[in-house]
Structure formats: C-alpha cells, structure tokens
Amino acid sequence: MLFRSTGAIEHGQVRVGDPVEVVGLGAAVASVVTSVETFGKTMAYAEASDNAALLLRGVRRHQVRRGHVVAAPGSLAAHRKFEASLYLLSAAEGGRRTEIRTGYRPQFFVRTADVVGVMDLGPASLARPGDRVTVTVELGQPVAVDVGLGFAIREGPPPAAHPRSAAQPARELRGVFAGLSAGSLVTRAWPRGR
C-alpha cells in the first residue's frame, strides 16, 4: 500500500528510503519514502524550494489530507495552543474597521490547513486595527507549527451564493510564527495536552 503526497519542500532534503512522519490534524503517522518525483521525473532526492511528490509506504488515503505536513520523525510537532505577535491590518490595508476582543474566533490558515481558533488578548483584552499585539491562540485541531512560520487569519467572505459576495472581500490579518521582525509571530507553542 503506497500513497502519494505532494507539496513544496520547506527546508532540508528528502531521499528515497528516509523515514518520515505525517504530522498535524490528528495522530502522527510514521512511514518511509519509497519514491521522490519532481515535475514527473523520478529523482534520488528533493531539497528546499522543490515541488515534489513523495510516495509513502504504509499510508492509507484517509490518513493524509490537506493541511498535513510530511517531516523527519520528531522534527515537527502538532500544537493546538501557541503564542503569536499579530499585526491587525487597518481598513486602509484591507483589514478590519472595528476592534477585536478576547474570545474572537476567526479562521487560521497555516500552510494549507485552515482551522478555527480562539484568540486570548491577555490583560488588554482589546486590540484595534493597526495595533501589534501578543495573543494566545487555541486551535480547534492540532496543526503542525514551527517558530517563525507565516500564517494568515481571515474572517468572511460571505457564502458564494450571497448577493454581495463580489463586493465584500475576505478581511485578513497577516502573521508569522515567532522569530521574524514583521507580521505575526508565534513565540511559543505548547505540547498537545495543555
């Protein structure tokens, strides 16, 4: 039983025969890479910035879906709770017109995963467009996150059948998991049980 997983290599290399883990959105699944393909050609390895297809031994179709990450065993963990430094886009930048409060529940887009989460703004409990704030986020499902990883937070748009859907684009907050100088940063991620 073999399964093909496709995507971009973020960092490092992957070779045929390497043990890997499929991480995020549930329990991690261990596997071995049996083939690496780039643009339809079989390769000995793929490296950072390559778009590649990995053939994984022992992984069933229902075990891998959009939002999962294939990583070296133990190198990446899925987290439900993390801390981030956020910049809230102002209305002029395409963001919100009103403030957000603790308990705000937007969609978080991390790599290809989209998961609802609850934001805790700490003692301030209020942030206005144009503010840079540190928040604690608790996601609805565990997602593979890493310090310094970029992400986006969106609300809207209205459903496709809504008569005003073309006139109301999605509002967006931009972010980066901690360690970068601009955007939203995750500064800390807690183990699964917390």
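The values are calculated or read from the model by the stated rules, or taken from the named source; none is laboratory data. All values derive from a computational prediction rather than experimental measurement. Every residue, glycine among them, receives a Cβ derived from its backbone with ideal geometry; neighbour counts consider all protein chains shown. Accessible surface areas use protein heavy atoms only, side chains included; no ligands, DNA or RNA. Shrake-Rupley method; radii C 1.70, N 1.55, O 1.52, S 1.80 Å.
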Starting from the Cα of GLU47, step 7 Å along the direction of its Cβ; do the same at ALA72; then give the gap between the two resulting points in nm.
-> 1.5
Of the candidates THR102, HIS79, ALA52, the farthest towards the positive dipole end of the stretch 1-102 (Lys/Arg Cβ +1, Asp/Glu Cβ -1, centred on the Cα centre) is THR102
Placing +1 at every Lys and Arg Cβ and -1 at every Asp and Glu Cβ, with all other atoms neutral, what dipole size does the stretch 1-111 have around its Cα centre, in debye to the nearest 20?
-> 580
May I ask which residue of VAL116, SER90, ALA30 lies farthest towards the positive end of the charge dipole of the stretch 20-135, with charges of +1 (Lys, Arg) and -1 (Asp, Glu) on Cβ and the Cα centre as origin?
-> VAL116
Alpha-carbon centroid distance for the pair the stretch 1-56 / the stretch 108-150, whole angstrom | 28
Given the protein chains as shown and a 1.4 Å probe, how many square angstrom of ARG128 are accessible, to the nearest 10?
-> 130
With x for Gly and Pro, the residue-by-residue ³J(HN,Hα) of the stretch 148-155, computed from phi through the Karplus equation 6.51 cos²θ - 1.76 cosθ + 1.60 at θ = phi - 60° and given in whole Hz, is x, 7, x, 7, 10, 10, 10, 10
3J(HN,Hα) from dihedral phi, the stretch 85-99, Karplus parametrisation 6.51/-1.76/1.60, rounded to Hz, x for glycine, proline = 9, 10, 10, 8, 5, 7, 4, 5, 8, x, x, 7, 9, 10, 6
